[in-house]
Amino acid sequence: DQQVKQNSPSLSVQEGRISILNCDYTNSMFDYFLWYKKYPAEGPTFLISISSIKDKNEDGRFTVFLNKSAKHLSLHIVPSQPGDSAVYFCAARVGGGSNYKLTFGKGTLLTVNP
Amino acid sequence: EAQVTQNPRYLITVTGKKLTVTCSQNMNHEYMSWYRQDPGLGLRQIYYSMNVEVTDKGDVPEGYKVSRKEKRNFPLILESPSPNQTSLYFCASSSSLAGANNEQFFGPGTRLTVL
């Protein structure tokens, strides 16, 4: 059962436009959501996160929106740059005390065309 | 430099030949984890460790072993590798998954091919 879903395997946008990457989840116990970016031949790197008690978190060109009622989050990149071309993973945290677990989606390949 | 290192980066082996992929972090992190990345399947967790001598199964633990004898190291052991374990493996660490600072730092990956 896939608890974190990224239904778009790929997305292509023009440089300067907005990129919107989507993520849906099924487990209402997730309390933190994270986005990671991965370039070829490198490990994923943390991009931005959001707590389940918030609906928006912004960091420069990157904004994550959370809609808890819809169990949906999205990552907006504005403006998109060719260097943003990478695979983006959505991840969600569940747990308590000192025992937590992250579940990742399958990833979305973003291509930003010059 | 704060980092997670993995060795080897590339490995081609044959079915049944025991191998170990090492992982080390220099950030004094308590939490460490192993993932495998496969086309169309994303990142799936194999094992994780909340602290020294504490390990637990992730989503796909079959065919793997781990140990956490010291904080900085978290080796992944394949006692009898099979071709379905051909994959890209990532080690990751975090100070803790609790709280707001719960990001994980990933190693560069180990490309394993089992013939």
List, in order, the whole-Hz ³J(HN,Hα) value for each residue of region A:79-90 obtained from phi through the Karplus relation with A = 6.51, B = -1.76, C = 1.60 and θ = phi - 60°; use x for Gly and Pro.
x, 6, 10, x, x, 7, 4, 5, 8, 10, 10, 8
In whole angstrom, the spacing between the Cα centers of region A:16-43 and region B:5-62 equals 21
Within 10 Å of each candidate Cβ there may be at most 12 other Cβ atoms; applying that plus a DSSP loop requirement, which GluC sites (Glu not before Pro) in region B:50-111 survive?
B:E53, B:E62, B:E70, B:E79
Under the definition of partner shielding as Cβ atoms of other protein chains within 10 Å of a residue Cβ, what is the mean value for peptide A:88-96?
2
Partner shielding of B:37-45, as the mean number of partner chain Cβ atoms within 10 Å, equals 6
List the lysines whose alpha-carbon lies under 22 Å from that of B:K71, not counting same-chain residues fewer than 8 positions away?
A:K101, B:K57
Cross-link candidates for B:K17: which aspartates and glutamates have Cα within less than 16 Å, leaving aside residues fewer than 8 places away along the same chain?
B:E79
How about B:K18: which lysines have a C-alpha closer than 17 Å to its C-alpha, ignoring those fewer than 8 places off in the same chain?
B:K65
If you take the Cα atoms of the protein assembly as shown, find Rg, then find the Kirkwood Rh from the mean of 1/r over all pairs, what is Rg/Rh?
0.97
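Each reported figure results from applying straightforward, stated rules to the coordinates on display, with no laboratory input. This one's a predicted model, so the numbers in the text were calculated from it and none came from an experiment. A quick note on method: Cβ atoms are made from the backbone with ideal geometry, for glycine too, and the neighbour counts reach across all protein chains shown.
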